[in-house]
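What follows is calculated from the coordinates using simple rules that are stated; it is not laboratory data. None of these values were measured; they are calculated from a predicted model. A quick note on method: Cβ atoms are made from the backbone with ideal geometry, for glycine too, and the neighbour counts reach across all protein chains shown.
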Amino acid sequence: MIALYKPNILRKEASIDQFFNDLFYTGWRGYSENNHPQVSSDDSNITLTFELPGFQKSDVQIDITHDQLRVSAKSTNTALTRQHLQYTSAIPPIEFKSSTATLENGILTITLKKAADAKTKQLKVS
C-alpha cells in the first residue's frame, strides 16, 4: 500500500484553518496583535490607551451599551500599515456623561468614570 502525501495541500488547509480559528475565536483584529489597549484602573476610573498612528478622530467610533465597550476604527488612508481596529470588552457600570475620549498624536485615550455602585469594596474575612 502506498501512502500519498500532498504537502502543499496540507499546508494550505492548515493556514486556512488557522485563519478561521483566529477570526472566530479571537475576533477580527486586522491581522495585528497590537490592537489590545493598555488598561489601568483605580477606584474611580478605567483608562484604556490604544496606539492608532495615522488615524483621524473621524475614523474612530466608540459605542457603549449597558456592560460593553466597543471601539472600532477604519481609515481610508492606504499608506497605513494597519487600516482597521476592532476591540470589544465587558465593562462595569459607568457614568457616561463623566467619561471622555481623546485622540492626540496617534494615541487614543478612553477614560470611563465608574458608577458609584461599581467602585471597589472590600470584604473582610472572618
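Before moving on, here are some points about what is shown:
- Between K97 and L123, the C-beta separation translates, for a Förster distance of 25 Å, into a calculated FRET efficiency of about 0.25.
- Ordering H84, H36 from the fewest to the most neighbouring beta carbons within 10 Å gives H36, H84.
- With neighbour counts taken as other beta-carbon atoms within 10 Å, the residues L69, L123, L80 rank, fewest first, as L123, L80, L69.
- Kirkwood's formula applied to the C-alpha pairs of region 29-117 gives a hydrodynamic radius of 13.6 angstrom.
- Placing dummy labels 7 Å off each Cα toward the beta-carbon, the span from N45 to K57 is 1.8 nm.
- Entry note, region 29-117: relative contact order of 32 percent, from Cα contacts under 8 Å with a spacing of 6+ residues.
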